[in-house]
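What follows is a single structure, written as structure tokens, with notes after it.
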Amino acid sequence: MLREEVSSAITYALSKGFQIHPDAFKILEKIDIKELQSIIKQVVREKAKQNMFLINQSDLKMFVESEIDDSMENNHVILFDPTKKVTSAEGIEGFHALFKDRYSKLLKIMMQRSQSKKLTPISNVTNGKLDDETYIAGLLMDRRIDRDVTKIVIDDPTGSIELLIFNKEIQETANSLQIDQFAMISIASGKNGGFFVKEILVPDIPEHIANRSKSETYAVFISDLHVGSKFFMEKEFTEFVSWLSSPDPVARKVRFVLVGGDIIDGIGIFPNQDKELLLLDVDQQMAKAAELLDKIPKHIKVFIIPGNHDPGRRALPQPAIPEKHNMHLWNRENFFMLGNPSMLELNGIKILMFHGQSLDDVVGSTPGLSYAQPAKAMRVLLKTRHLSPIYGKRTPIAPELEDMMVISEVPDILHSGHIHVVELDMYKGTLIVNSGAWQSQTPFQASVGISPTPGIAIIVNLATMKVFTKNFTDNSS
Ligand code: D5M
Ligand code: FE
Ligand code: ZN
């Protein structure tokens, strides 16, 4: 005898013109009866879309925890998470140490270049010891353009030096550098005792072939939910979450969801924010976010980093969203609360997650960049090998003893959000993903001309590194 709920589910499917494979019956009986009705409707809707009218065992397996295909790898390793490492070193001493560490980490990266054999400390140069071909390396402290001459100032731990640039091409390279970024520079003495630049090298990432997953599994990239905001797109986000447990063939192979920060809209993040809030309390906002995310099936691992709207420390690097705000998420076995930035390895693919606060400064200070193309700004981060190269602009940076924002290891995927515009790019073998948002355009964004592209999830096949988008707004297919 079939239970009443089961036979009514079967009747429903038959009435929609579906057949049910005998093997599928066994699974039907294992599904939680409270959910059976909605599950069968969902399966019917998805299969009808694909023009397939036979319900198989495999269409239903994913709704039964014990039947999930666990032959598909879902290995994860957390390679870097700043949460336990952040101190709160204060004051000038702290920043001195931070910059010194930035210098030495980037120097180490630069030492792989052949030119580094000719590297000289700045103090040697300023003390008059200059060979024909000498390179110095340090952080760009200042840049001035005086008619036809560009002047730059470079610091290393031994001293500081002013350099002149006369060549147009080198001037262009110099102008594309971020203030405070690391560079290695070939110099020569000028006539009047000054020094001029012959070549500028930046750390950059090498051309490489990304790692691949052995089995065909998918990772989904999202960010900037802004739960609690009047502009949070709850309907679209709910659609997205239910897609994850749908019979869609891609959804069935999703094993990872990465959330790149700005989970909630927060409180007091910008002036008069309360006028734009639906939920006026951080814990209420977090509870709502947890309630929505909770529907992600348990066989999918979820990695969450904070953004500038989330609770916890604002300065970079940010520790994970504190446990007291969302015990529920912390307690779930398949949820991983990480800091910003964090580096993961999912089925062998290295993924660097960074909310993207510094992209504001990079866009603001680099000619030719705009909010419409966040991936181009993310390229700059890879080239500088630093997630927040500019100090003292809009991005708050904490005076840590170690610079955890240096990109020491080359990622296969760089994932950011913050700009609310989806853009994908490939740079020297690294897939760049800006995962957009789930918040429609705010009055502030309208006033500064930012046109967000919300409601889109980015999906990467980890076996092939092929990437595509799925739009959950109504005006899409
Ligand atoms: O950032 C959402 C978007 O708005 C992102 O593109 C940055 C931009 N933004 C945010 N605050 C400012 C200010 N003060 N000036 C200019 N642009 C800004 P979110 O982190 O979600 O608020
Ligand atoms: Fe945001
Ligand atoms: Zn943000």
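If you check residue 345 against the conditions, is it part of a loop (DSSP other than H, G, I, E, B) and open to solvent by 10 Å² or more (accessible area, probe 1.4 Å)?
no
Residues in the range 398-439 that are of a type in the set (A, V, I, L, M, F, W, C), within 16 Å of ligand 1 (Cβ to nearest atom) and over 16 Å from the mean Cα position of the chain (by Cα): how many?
Matching residues across the range 398-439 total 0.
Within the range 277-324, take every residue that is part of a strand (DSSP E or B) and touching a Leu at 6+ places or on another chain (Cβ under 9 Å) and give me the one that is nearest to residue 444 (Cα to Cα). Break it down into steps so the answer makes sense when it comes.
Step one: list which residues in the range 277-324 are part of a strand (DSSP E or B), which gives 277, 301-304, 316, 318.
When the remaining residues are screened for being touching a Leu at 6+ places or on another chain (Cβ under 9 Å), the result is 301-304, 316.
On the way: 301: 34, 302: 30, 303: 29, 304: 26, 316: 24 Å.
Ranking the candidates gives 316 first.
Consider residue 378 against the criteria (1) in a helix (DSSP H, G or I); (2) open to solvent by 50 Å² or more (accessible area, probe 1.4 Å); (3) more than 14 Å from ligand 2 (Cβ to nearest atom): it satisfies all of them except one. Which criterion is unmet?
Tallying (1) in a helix (DSSP H, G or I); (2) open to solvent by 50 Å² or more (accessible area, probe 1.4 Å); (3) more than 14 Å from ligand 2 (Cβ to nearest atom), residue 378 fails exactly one: (2).
With the condition kept exactly as written, say whether any residue in the range 242-252 is in contact (Cβ under 8 Å) with a residue 40 or more places away in the chain, under 21 Å from the mean Cα position of the chain (by Cα) and within 16 Å of ligand 2 (Cβ to nearest atom).
no
Assigned by the TED database to the domain that holds residue 443, over 23 Å from the mean Cα position of the chain (by Cα) and free of Cβ contacts under 8 Å to residues at least 12 places away in the same chain: which single residue out of 235, 230, 214 fits that description?
Just a single option satisfies the conditions, and that option is 235.
For residues that are surrounded by 17 or more Cβ atoms within 10 Å (Cβ to Cβ) and modelled with pLDDT under 80, tally how many sit in the range 49-66.
Here the count works out to 2.
More than 30 Å from residue 27 (Cα to Cα), away from ligand 1 (no atom under 16 Å from the Cβ) and β-branched (Val, Ile, Thr) - does that describe any residue in the range 247-270?
No: the range 247-270 contains no residue that is more than 30 Å from residue 27 (Cα to Cα), away from ligand 1 (no atom under 16 Å from the Cβ) and β-branched (Val, Ile, Thr).
So which pairs qualify, if the first residue must be in the range 174-196 and assigned by the TED database to the domain that holds residue 144, the second must be surrounded by 16 or more Cβ atoms within 10 Å (Cβ to Cβ) and of a type in the set (S, T, N, Q), the Cβ gap must be under 6 Å, and the two must be at least 6 apart or on different chains?
Hits for this filter: 174/150; 178/384; 181/384; 187/134.
Need at least 2 residues that are under 30 Å from the mean Cα position of the chain (by Cα) and closer than 24 Å to residue 380 by Cβ per element, so show me which strands (runs of 3 or more DSSP E) inside the range 116-206 make the cut, counting only ones lying wholly within it.
Values: elements: 134-146, 149-156, 159-165, 182-189, 195-201.
Ranges flagged: 134-146, 182-189, 195-201.
Would you confirm whether or not the range 455-463 contains a residue that is under 18 Å from residue 374 (Cβ atoms), modelled with pLDDT of 95 or more and open to solvent by 10 Å² or more (accessible area, probe 1.4 Å)?
Yes, that holds for at least one residue.
The values are calculated or read from the model by the stated rules, or taken from the named source; none is laboratory data. Since this is a predicted model, take the numbers as computed values, not measurements. Quick reminder, even Gly has a Cβ in these numbers, built from the backbone with ideal geometry, and neighbours come from all protein chains shown. SASA here: full protein model, heavy atoms, side chains in, ligands and nucleic acids out. Shrake-Rupley method; radii C 1.70, N 1.55, O 1.52, S 1.80 Å.
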